[in-house]
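J.: Below is one structure. I have some questions about it.
The values are calculated or read from the model by the stated rules, or taken from the named source; none is laboratory data. Since we're looking at a predicted model, the values are computed, not measured. Cβ sites come from the backbone with ideal geometry, for glycine too, and all protein chains shown count toward neighbours.
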Amino acid sequence: MLILFEVDYPRTHNIQFLLEHLPANIMEPPAEKKLLGLSSYAISTRYPSEFDNLTENEWKEAVSLAGKVIEWAKKLIDSFPAK
């Protein structure tokens, strides 16, 4: 989304940082507060033992939330006028 709106940003997996740089005039992603929890997956999955305690419900919820964000992004991209 930041690329679409030509926003400069550093490479990061910090979702809160990325959300803060979205233009104010676009609709918020689904479950914005829950999205912040996904940042820890981006870092911790590099160290598998960190996620040994994840329950099936936790990983299913994370995957579901990620899917909702992808759908949100697709809809936003499709509604953006082509250059």
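J.: Hey, can you tell me all the residues within region 62-78 that are out of contact with any Pro (no Cβ under 7 Å at 6 or more places or on another chain) and within 20 Å of residue 3 (Cβ to Cβ)?
T.: Passing the criteria: 66, 70, 71, 73, 74, 75, 76, 77, 78.
J.: Show me the helices (runs of 4 or more DSSP H) found entirely inside the chain where at least 2 residues are at pLDDT 85 or above and not aliphatic (A, V, I, L, M).
T.: The qualifying helices (runs of 4 or more DSSP H) are 15-20, 56-79.
J.: Looking at region 56-71, I want the residues that are in contact (Cβ under 8 Å) with a residue 40 or more places away in the chain and within 15 Å of residue 33 (Cα to Cα) and have a partner that is assigned to a helix (DSSP H, G or I) and among the aromatic types (Phe, Trp, Tyr) with Cβ atoms under 8 Å, at least 6 apart or on another chain. Which pairs are those?
T.: The qualifying pairs do not exist here.
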